[in-house]
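No value in this document is a laboratory result; all are computed from the given coordinates. Everything numeric here is computed off the predicted structure, so don't read it as measured data. When we count neighbours, we look across all protein chains shown, and the Cβ atoms used for this are built from the backbone with ideal geometry, even at glycine.
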Amino acid sequence: MKTPYSKPLPVIGERDRAYWEGLREGEVRLLACDDCGHVRYESFSTCPGCGGGRSSRFKASGRGTLWSWARFHKAYFPGFAAEMPYVVAVVALEEGPKVYSNLVETDDVPPLGTPLEAVFEDVAPDVTLLKFRPMRPRNGTDA
Amino acid sequence: MARRFTGRTAVAGVGTTAYGRLPEYDQYDLGAWALRNALDDAGLALSDIDGLIVSRIGDYQRFGEMLGIDPRFVTILPGQGRMAGVAIEQAAMAVASGMADVVAVVYGNNGRSAGDRYGGEGDQYGSGGAGQWFPYGMTSPGAMHAMMFNRHAHLYGTRSEHLGEIASTFRRHASLNPDAVMRTPITIEDHQNSRFVAEPLHLLDYCLINDGGVALIVTSAERAKDCRKKPVHIRAFGQASSFGSGSMPPDDFWRAPMQRIADHIYADADCTRDDLDALMIYDNFTPTVLFSLEGFGFCPVGASGPWAAEGHLRLGSKFPSNTSGGHLSESYMQGWALNVEAVRQIRGECGERQVNDAGLIQYMAASPVCTSIIYGASPR
Ligand SMILES: [Zn+2]
């Protein structure tokens, strides 16, 4: 039997619904300003780069680097108590914005600067979280 | 620009409550208690107040009602520590502009008794931007500072033992302060052995959480001369913000806004860093002290850890800092009590922890809103 998911879930609003739908479909969809191209994670109506009011979602690479991390030894959320201490990473996305996330498919926290790639983790019927694993060497043209 | 305010205003009175667990007092009670002490300190009465700035007290109107005062200038600031400097600066601006003659700046914090947690579901750090990260387990200002320190360590080789020097130094200062909550000296080894909260930060890298209140009376340099105690002049002040990193740790440890203040504040105060007799550094977490020392140019960028470890912040050294014990050991009065300590040092009221001939002291706070104030025994 799978235990019920007990970690906090995101409160998905109209503004960021497209972001969460993107994760559901395995894509990181950030916002880019239609006027100046500034890329942002936050679903603000206004571009912090130029003050413009028009922007569009685009598919980001899903790649980034490990910028920093902290290991939580205090159970602020009961849902995380079972995996204490747990690590929250700061990932600097290739396109510029940073996100908080968790590292998967690695036992140790790799050194800061390590290249990471997105892993899409379904945690609830309509919620997929954006996690990261150390970048793997690829076959074919990327190798 | 700030230069036109130089030396025109002064702190005429300061007041603090007891610190610790004070469950029978709410924020209003604590603020009023501190204000009574500040007025008594200044030799002024409630009826002299014509300006009121409150922070972390729920409502200015109710506070005014309770005090029975009708000031012409009133404002309220969010209950964030970064607002301590903002509040005092606004008081100085109100006085210098003629908007008010005697401004009471009042703070009351019953966070300990109210069970404030600074992490988990109620976390508002990042001004409401925090909640979206709860699904990843991210919460609390302490964790964000832990990440900043981790980054600093990666870039510059800064070590946890350097933070231990700060924690143990401020505790040593607190041991000389009868009002401090935590007075038992600690060693760097004690710091290293204290449990992790958000690793790499240990418990002893964190500020206290306790109840208390603080008030200051700001008036003109002229009027302050007629008050009960020797005026402590507001020589210069500055403010700069950095909002671009949002709920994320900033790339530059808030260095850019601090440098913008440093670019004018020493000239405004007509002094150099070397003229300063003590520093009051906002110490919500030990790494903030390092970021502040770099931002205001007391040491080269990246060198703050080893520099602090040389002992410069200790009483008797070049830049005795947080002589009261600060947030880490005296009381979690979010910058407010550090400003009071600056005033008391310049008046020579600090007993065993007194800095000899303290004539110039700088307060500084590193956060998305950076502030700094230089206090002096003379107006210029
Ligand atoms: Zn734009």
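Counting neighbouring Cβ atoms within 10 Å and putting the fewest first, the residues B:Arg151, A:Arg54, B:Arg273 line up as A:Arg54, B:Arg273, B:Arg151.
Distance between the modelled labels on A:Val11 and B:Asp59, one decimal in nanometres: 2.3 nm (7 Å Cα→Cβ projection). Excluding same-chain neighbours fewer than eight residues apart, the aspartates and glutamates reachable from B:Lys230 by a Cα-Cα span under 17 Å are B:Asp40, B:Asp41, B:Glu222, B:Glu341, B:Glu349, B:Asp357. Most simply put, the range A:61-143 has about 95% antiparallel DSSP beta bridges, counting only bridges with both residues inside it. Sorting B:Arg82, A:Arg133 by the number of Cβ atoms found within 10 Å of their own Cβ, with the fewest placed first, yields A:Arg133, B:Arg82. For the protein assembly as shown, the dipole from Cβ point charges (+1 on Lys and Arg, -1 on Asp and Glu) about the Cα centre works out to 320 debye, to the nearest 20. Measuring between their Cα centroids, the range A:6-41 and the range B:194-216 lie 35 Å from each other.
In percent, rounded to a whole number, the relative contact order of chain B is 25, using alpha-carbon pairs under 8 Å and six or more apart.
Mean separation of Cα pairs under 8 Å and 6 or more residues apart, divided by the residue count, gives the range B:143-195 a relative contact order of 31 percent. Listing A:Cys36, B:Cys350 from fewest to most neighbouring C-beta atoms within 10 Å gives A:Cys36, B:Cys350. If you take the square roots of the eigenvalues of the alpha-carbon gyration tensor of the range A:48-143 and sort them as a ≥ b ≥ c, do you get rounded (a/c under 1.5), prolate (a/b over b/c) or oblate? The shape class here is oblate.
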